[in-house]
1. Would you call R29 buried (at least 22 other Cβ atoms within 10 Å of the Cβ) and basic (K, R)?
2. When L504 is evaluated against the numbered criteria (1) more than 34 Å from the chain's Cα centre (by Cα); (2) modelled with pLDDT under 90; (3) buried (at least 22 other Cβ atoms within 10 Å of the Cβ), which criterion, by number, is the only one it fails?
3. Give L751, L766, L776, L723 a once-over and let me know the one that is of a type in the set (A, V, I, L, M), touching a residue at least 12 places away in the same chain (Cβ under 8 Å), within 17 Å of E583 (Cα to Cα) and out of contact with any His (no Cβ under 8 Å at 6 or more places or on another chain).
4. Filter region 612-626 down to residues that are open to solvent by 10 Å² or more (accessible area, probe 1.4 Å) and under 36 Å from the mean Cα position of the chain (by Cα), then give me how many there are.
5. Restricting to region 680-696, count the residues that are exposed (fewer than 10 other Cβ atoms within 10 Å of the Cβ) and among the polar types (S, T, N, Q).
6. Return yes when K762 is closer than 29 Å to T786 by Cβ and open to solvent by 10 Å² or more (accessible area, probe 1.4 Å) and no when it is not.
7. Among the residues of region 865-882, write down those that are touching a helix residue (DSSP H, G or I) at 6+ places or on another chain (Cβ under 9 Å) and either in contact (Cβ under 8 Å) with a residue 60 or more places away in the chain or in a loop (DSSP other than H, G, I, E, B) (or both).
8. Just wondering, is there one or more residues in region 296-305 that are among the hydroxyl-bearing types (S, T, Y), over 20 Å from the mean Cα position of the chain (by Cα) and at pLDDT 95 or above?
Amino acid sequence: MSSLLKKLEDNRTAILLAEIGAYLHLLGRFSEEFIKSQAKDATNTNSNFDYKNVCNVSSFFENTGLEVLLKSANWKPLINITLSGLNELSTNKVNNFCEFIEKHTWSDNPQGLLKILADAHGIVSGIDKALAGRGHSGKQRKAYTFKATVFGYEKEIGLLKATDLDNVNKEYIKRVKEEFFKEIKRILDNILQNKSVSYENYTDFINTIKEYFSKTIGETRRSINEISLYDYAHTIASLTKSNLAKMILDGWYEPRGKSQWRILKINLSIIELLTKGLKIGDIFGYRQEIENVLDEIKKTLEFHYPLGNEIYRDSTGIYFSCPGIEDKDALKTEIISELKSLNQLDFSLQIEISDKSRSMVILASEREESLKEISYPHISFGNIKEELISSQNDGDKELCPVCRIRLKSLRIERCKKCEARYQERAQNWIQEPKSTIWLDEVSDHNDCVALIIGQFDLRKWLSGELLNTFVSQTFDEWKNTYATICSTLNIQTISDLEKGFEQLFNNSQNLNNDMKEICKSFIGVKPDNFISDFWEPIAERDATVRSVSLTNNSEKAKHLIRLLFRKHPSLARIYRIWETTQEFIQTTIFEGILDKYPFGTNTPFNELRRKRIEITIEPNPCIPIGATLDLDIEGVRLSPVCVDENKGIFITEANIQILSNKGKTLNEIALWMQGKNIKVKRENDNKWQEGYKISMAKPADDRFQDYIPYIKIYEYPDQFMALVPAYDAFDIAKKILEEYEIQFSKVRDRLPFHIGIIAFHKRTPLYVAMDAGKRLIETFKNKTKTINAKIDSIDDVSNNELGKYVRRLKLNPDPCYSSVPIIWHISYSTGDPNQQDEWHPYIRFNGNNPNRGNYSFDYTGNGDYVVHVKELKVNDCINIATSYFKITFLENAADRFRIGDGLRPLDDIERTDDIWNEIQKIVKSKKLGISQLYAYWQDVKKRYEDYGGNSVWENFVKSSLINILKLSPKEDKEVFNKLFHATKDGLLDICLHWNLQVRKVKPEKAQEVKNE
Ligand SMILES: [Zn+2]
């Protein structure tokens, strides 16, 4: 019996070398020369650079000699496969890696394996790169050259360390190229020497490519300057690999325009597992275990039986490119059996293979399908059964509260397996003591912690739907470039062009010289035949496969226009979408905001906030390293962690601001501890033990000081969870929102982003907070919808962060979303001050064709229009997606069941901040006490219960604003109205509760009031 996986294993070296070749085929683009050659104002020398020709230019390789190795004849026997049924591959052999670089497009007449590469290259780059790439549309000026996110936010290109191509850091580029080529050479030398690819070679190679290719972009033309060289190479390499695997299994076929792949999904309910822990260590233990399992899966499917590559990973599991094999069930059965041993009592892997497709847009629906699957996991027995029996034979009595599966003995906290996982995490912490895994350290000086959640809704982006609102090249720029021919043919608008194409579909004999010129403007050559030389080559690059299914000529013409002028859901672009939000979460939120956050600003004794004390206990309580010990020092309870088992040395793991009544400085607090008799309680002790003392207490060593008091629970491309001090949580959310408004300004109407803050006392069981978080995420997802908003006013403003071209829109949304108007700043700037963004900020229009010239179009083909932000007018009605904000304090465990109630619009973060600032000002300027603030708050709340929100109540609110808060409806008109609305829509209640009762802030004047 021939097994499918075995066949892949037998041909591993050849498959992995084909993948490596596919990564290397774009090596010439990793250079300053390539970027310069694409500039609008490139010199002749610049524009003559050919990235396919680099193997013949040894200076390109910075004297590393890599080009000699790429050309080596020794590769030939390793790269090529001789198997029956693979005729093309055995007759037309590839000689070396240079051929991958030189012959990877159909116009190069590729042979054998390179045909597979050429089709992958074509389908991945999609239509916009190939077509827009040949015209001059969107070229950047040398002095202002940027890379962009997929949502049009521009940044400098990492490899150049500059945006002016005439002032790049040449030394840096040379050094980076040298390091990169040397490392690639080292790995390839090693492979050649051993005549096979080891797992170490493979991972070294992949990691090196990822590190370096991510520094630059695949194309510089706007608006396709968003695809990094890595996105581009990785998707091509994955498709090449999977398609070669398909041929090894099913035999050769001509791939041109036909390569397809499947998506292999391996799902498990990650959030479910992460929300189980009693303590952070349990959560981290699970997280580590999941990572290990996913790594093991990757090793099996990417290397051992090389069938594809990871193309997506999130909280639902891991997704691989997979051969478009005919008998998918047979392959699935073998994979299930191969991965069986990774199943555990805690989770089982749900394995599924999708239908064939030429795109990745099916990822969105496949992911939704998986969500249903993992809600009802089917557990297959086998090794799991033995695990269950062994846990029960341990003579244990009670269900483990962490996994809730295995049994544990009465005296200990966790089952053996959970305990091992927990201990391991604590030991790892000692290696990275600037981080924390202790809730007591995260909690603020009031003993409160907050779970902060951020979540993007990418569903309509991953499915490609909203990419149709982006323009790949503008009709105007195209028309201006080809002005003569357009005027000869009287092409004024995009529908004139569409009509021209429709006539050609009806009768391709109409392809006269003028129309040939038009076609040439898109593909670079004059076609002889409209169908076979123009339409079909474009259709074969259409990742949606819609082109081939259309029969009606007017539909074809309409679709062709879309392919030529709109952004296409190419593989690389879909990949780039989730990579953009992932990068925002990693780089902006975690590294930019949280790692640098000034925790505890304005709290008492803030200099103690991030400090630790080292204590030595006698006699040594003999606790393992990484375990904690409960102490009672004159009634003060602490749980320091053991860092030296032999000497009985411990480090505090609490926010020691709470000890400021024992000492004002770290030294004073240590002094207070020094020599004290204490009681201790180990995990197995059922009562406090006397007879111990602190023989030594002092500030801990520097490596333990200045820890960062937040804990990342997880980050996935579309969402994250972290624990932060409750005191700082709102301000952190505000900073995240500000960054979202900058980086996603052009799509905030179409890309929902939700933020949740769930605060709780540090003694609240962690799983209650985690469960609340899980429920909130579910609610965000279910409540996201598209609503109407009327434009009340528009102003042109300039804003440093958003660039030179910015519009300020005052929107009146459906009152179900916000009861007050919202203000948005939408950028249509690029990094170049002379260039407006003509490609991204197209807002969905609610109504019939708005006729804004070339700045409005039907993006679905069903009469759904978008309008460029600069062409929006007052009183226009637009569609916006709802983004939500939730802030709450869990008073009790049952509160989590109501977590989804009372969601606020995301914009209320700024409003809450504004209201709080106003209140502080009023308290100060009107010389009020906190008691008056409480009186106002409680009175209007109490009356609301009696009257509901009727006019009697409204009048009561107004008179209370006048009488209690001393505001005049005339002189303080603006703030009076603000507070009135905030009282009415409940925001004031949230704001006061959060600041007065959770953060326990006292507004300015308050200290002087005795009876608060
Ligand atoms: Zn357990």
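1. Working: buried (at least 22 other Cβ atoms within 10 Å of the Cβ): yes; basic (K, R): yes.
For R29, the condition - buried (at least 22 other Cβ atoms within 10 Å of the Cβ) and basic (K, R) - is met.
2. (2)
3. Working: L766 fails: within 17 Å of E583 (Cα to Cα); L776 fails: within 17 Å of E583 (Cα to Cα); L723 fails: within 17 Å of E583 (Cα to Cα).
Unique residue meeting the criteria: L751.
4. Total meeting the criteria: 1.
5. Within region 680-696, residues that are exposed (fewer than 10 other Cβ atoms within 10 Å of the Cβ) and among the polar types (S, T, N, Q) number 2.
6. Values: closer than 29 Å to T786 by Cβ: no; open to solvent by 10 Å² or more (accessible area, probe 1.4 Å): yes.
Considered against the rule, which asks whether it is closer than 29 Å to T786 by Cβ and open to solvent by 10 Å² or more (accessible area, probe 1.4 Å), K762 comes out as no.
7. Within region 865-882, the first condition is being touching a helix residue (DSSP H, G or I) at 6+ places or on another chain (Cβ under 9 Å), and the residues that meet it are 866-871, 881-882.
Within region 865-882, V866, V869, K870, A881, T882 qualify.
8. In the first step, residues of region 296-305 are kept if they are among the hydroxyl-bearing types (S, T, Y); the result is 300, 305.
Now restrict to residues that are over 20 Å from the mean Cα position of the chain (by Cα): 300, 305.
So of that shortlist, the ones also at pLDDT 95 or above come out as 300, 305.
There is at least one residue in region 296-305 that is among the hydroxyl-bearing types (S, T, Y), over 20 Å from the mean Cα position of the chain (by Cα) and at pLDDT 95 or above.
The values are calculated or read from the model by the stated rules, or taken from the named source; none is laboratory data. Because the structure is predicted, anything quoted here is derived from the model rather than measured. Note that each Cβ is placed from the backbone with ideal geometry, even for glycine, and that neighbours are counted across all protein chains shown. Heads up: the accessible areas ignore ligands, DNA and RNA and are worked out on the full protein's heavy atoms, side chains in. Shrake-Rupley method; radii C 1.70, N 1.55, O 1.52, S 1.80 Å.
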